[in-house]
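Any read-out appearing in this document is the output of simple, stated calculations on the displayed coordinates, not a laboratory observation. It should be emphasised that the depicted structure is a prediction, and the values quoted were computed from it without experimental measurement. Because the Cβ atoms are built from the backbone with ideal geometry, glycine has one as well, and the counts that use them run over all protein chains shown.
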C-alpha cells in the first residue's frame, strides 16, 4: 500500500491495535444478518434505505436519515442498513450485487457498464469486458429471480464457473 | 490486522510530526497520572485552546453572545461548560484521555471517541505514548478501514425542484479509496460513462489495475436533517427555526448515485480536492467525532453545505471556507468557496443523471429509432422493425434509460408491475449479443455550479409610469436565480428565488413604499415531448402591489400557481411556456369576492424567453378572470431584458397593466 510510505515517517503511537480485520468483517456480517428485515425484493438496495419497513411513504429523505445515526455508542452510520461491506472478495461482491441489483441488471443486459467493471474488480476478474459478455449471455438465468440474494448467488456462480473469466477473488 | 495497524499509523503520523518517539514506548500500560498536569501546563503556556484547529475541531465561533460551539449534542463536550469554553474543554479532554478503559463494553474510551482531538493534541504537545498510552479503538478502526480514504471529493448534487429541501442543490463529501493519479490532475472532466474501467479508459494511459477508480465503492458522507414530519408547512417552519436534528451519515457512494443520479435524475458534479494525506486522515477522524453527535439543523444557515465545509476546515486548518459563508448558505456558493483557496480543487468531474444519459442516447438516434424507443418503453413486447443487432441494441438501451427515468420511483418502491415490464425490456436487450460501447458524455462545462453568478442580488434603478410619473427602485434578493439571470452554472429550466423585496419611491407624491415582497418564487421547466410529458409549473408566495382597479395601488398578499406545457428549443436558447394559472390576492383595501378583501384570478399566461450567455429576454402575457370581484378581469403584459456584464447586469423592464405603462431601467449587482 502506498500509505506505508507515509508510515515510514511516522512512529507507532499505538501497538495495542489488536482487532483483526477478519474479526471485524465477521462482526459486520453478523450485524447484517440480524439487521432489520429487508423490504420486499429491494433487499439491501436503495428501496430498503428509502422505505425501511414502511412501504408507501415516499420520502427519499429517509435514505439519508434512517439507520442507527443517533446511537451514542456506534457513531456515524456504517454502510448499509441491511448489507455487509463491499470489499474485494466473495462476500463483498455478493453485497455489491444485492445492493445494486437494478443497475447491475441493466448493465448486464447491455453487456457493459460501471457496475460490471466494479463487480469485476470486487471479484478479481481479469477482464471486465469478458465479464460483461458472460453476464449478458446468462442474463435470464441470473436475474429472473425475485430475491436479490438469489440473484447474487447466480451471478457469483456464473463468474466462478467460467474459468476464462479468471475471477481470482472468488476462488 | 493490516487495516487496523494502518489506522494507528496514519493517525500517529499526524501525532508524530513533532516528536519522534522510541518504539520501546509502544507497550500499552497505565497512564502516568503525573503527566496530566504537565500536559495541561504546556497547553496553557502555548494557549493551545486558541489554536485555529482546536477551535475548528470543536466548532467554536465567536458571536454576539460570546464564544459558542455550533455542536448541540451534549456528549460532544467533556467539560460541563465546554460548549462555551474551549479552554475548559481542552483541559477536560486531556484529563479524559487518562481515563481507564470503560467498564461498559459498549462505551468508547475518550481517545477513541475523539481521535481527531487526540491526534491534534498529540502533535501539538508531543505526547509521550509511554506516559499516556494510546488505547485500542476497534470501532473507529473498523470505520477507518471501511472508508480507506486516500482522497476527498466534494460532490454537488444539482438543483431538484421536486423536493423543497433540494431546490437549492445539495453538497456532500466522498471519501475516495484511490488517490488521484497523474492523468487526473489535469482537471479534465470525464463522465463515468457506461463503459469498462471507469477512468483509465478515457486517459489512454495504462494505469495499474489497482489504481483504477471504482468510485461506486467509495464512501459518501453527508450532513442532513433528520426530518420527522411529512407536513410541508411544519417542515418549513421547523427547518427555518432549527428544530430538526442534523447528523452526519456515511453510506457507500453507489447509494448516493442511485439516490441522486438515478432516482431523482440529478447530475452530480465532483470536485476533487487536493488535500494532504494527513488532512485526509484528520478528516476521517473528525467525521467519526461528528458522527457521534448532532447539530440543530437550520435550513438557511447551518445546513448540509455549511457543516460539510466546517468539517473540511477542521481537518485542514490551512484552508478557509466558511469566512465567506453568509445567510442563506447556498450549496453552490460553498462550492465557490473552494476556489478561494488556490490549488484546492484538483479536478472537476461530471456524473450524468439517468435523464442526461437518456437524452444523449436519444440524440444519437434517427427519427424512426426514437419513435421505436417510445413504443418499446411503453410496451416492452413491441416488435422492432430494425433487423441489425446494433440498431436494436441502441433502441433498447435508450428505452431502458427512458423507462428508468419515468418509473424510477416505482422501481425503487418495488412495484411489481413496473419491475415486470422492466424485466421484459432487460431480457429482450440481453438476447442481443451486442455489448454497448461506453457512453461518452460531453461535459456541460458552462453548467458547473462554481461558475454561477452570486446568489444575492441588489438592484437599483429608475423609471417612469404613465400614471405615477417618475420613480426610483431598490431591490434586494437573498437567493438564487431567475429565468433571465446569467445562465452559466445553472440549468435553463430552473428558477428559485427566495426572499426578494423591492422598495419604490415615487417622485410626484414623494412617498417610499414596499412595492413587492416575495417569500419564494419558483419555476420548473420541462421540455414537453413524446418522452417527457411532465408539465412545467411555477409558483409564488409573497405580496405585490395591485395595479388594476381592485384598489388604489395597495399592497396585497399573493399566492400564485400555474402549470402547463413548455418547449425548450434551439439548445435551450428559446423557451415557450403556456400555463393555466390561479392567483389569490388578499388585502383589506381590495374589492374582492362579494365585497371581501380577497379575490381569485384564473387564466392563461404565455411566456417566451430567449436566453444567451450575454443577454436574455423574457416576455410574458397573462389574462385573469376574477369571478365576483371588481374589476371582473385584469391582465399583465411585460418584457424583461438583461445584458450580462460580469457581476453586473443591466436590466430594462417594460410593463403594461390595466391602468398604466411602466418602464424601468436598473443595474443588478450579484454577489
Exercise for the section: Quick one: check the C-alpha center-to-center distance for the stretch B:210-270 versus the stretch B:553-604, whole angstrom. Expected result: 34 Å
Problem - Per-residue [θ]222 nm for chain B (sum of -39500 (n - 2.57) over DSSP H runs n ≥ 4, rounded to 500) - result: -8000 deg cm²/dmol
Exercise for the section: Residues in the stretch B:373-408, backbone N under 13 Å from the label point at residue B:530 (7 Å along the Cα-to-beta-carbon vector): list them, ranges by number please. Expected result: B:373-379, B:385, B:399
Completion exercise
residue B:41 and residue B:552 label points (each 7 Å along its Cα→Cβ direction) are spaced in nm at 8.2 nm
Problem - Cα centroid of the stretch B:89-161 to Cα centroid of the stretch A:81-159, whole Å - result: 36 Å
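Can you give the convex hull volume of the alpha carbon atoms of chain B per residue, in Å³?
Values: hull volume 131.2 nm³, N = 671.
So the per-residue hull volume is 195 Å³.
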Fill in the blank from the handout: Rounded to the nearest 0.05, FRET efficiency between residue B:416 and residue B:584 (Cβ-Cβ, R0 45 Å) equals 0.60
Practice task
Report the label-to-label distance for residue B:503 and residue B:574 in nanometres (one decimal), using points 7 Å from each Cα along the Cα→Cβ vector.
Solution key: 4.3 nm
Practice task
Can you tell me the relative contact order of chain B? Whole percent, Cα pairs under 8 Å, sequence separation 6 or more.
Solution key: 9 percent
Fill in the blank from the handout: Note to self: C-alpha centroids of the stretch B:416-443 and the stretch B:37-83 sit apart, in Å, by 55 Å
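Between residue B:375 and residue B:661, what length comes free when the chain is fully extended (0.36 nm per residue of separation minus the Cα-Cα distance, one decimal in nm)?
Here the answer is 97.9 nm.
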Handout entry: Per-pair calculated FRET efficiency, R0 = 56 Å: residue B:440 and residue B:472 via Cβ, rounded to 0.05
Key = 0.60
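Based on the Cβ-Cβ distance from residue B:431 to residue A:171, what FRET efficiency comes out when R0 is 30 Å, to the nearest 0.05?
Details: r = 30 Å, r/R0 = 1.01.
Using R0 = 30 Å, I get an efficiency of 0.50.
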Exercise for the section: Describe numerically, in nm with one decimal, the distance between label points set 7 Å from Cα along Cα→Cβ at residue B:327 and at residue B:387. Expected result: 7.1 nm
Exercise for the section: Within 10 Å of each Cβ in peptide B:128-140, how many partner chain Cβ atoms are there on average? Round it to a whole number, please. Expected result: 4
Exercise for the section: Please average, across the residues of A:136-146, the number of beta carbons from any other chain that are within 10 Å of each residue's own beta carbon, and give a whole number. Expected result: 3
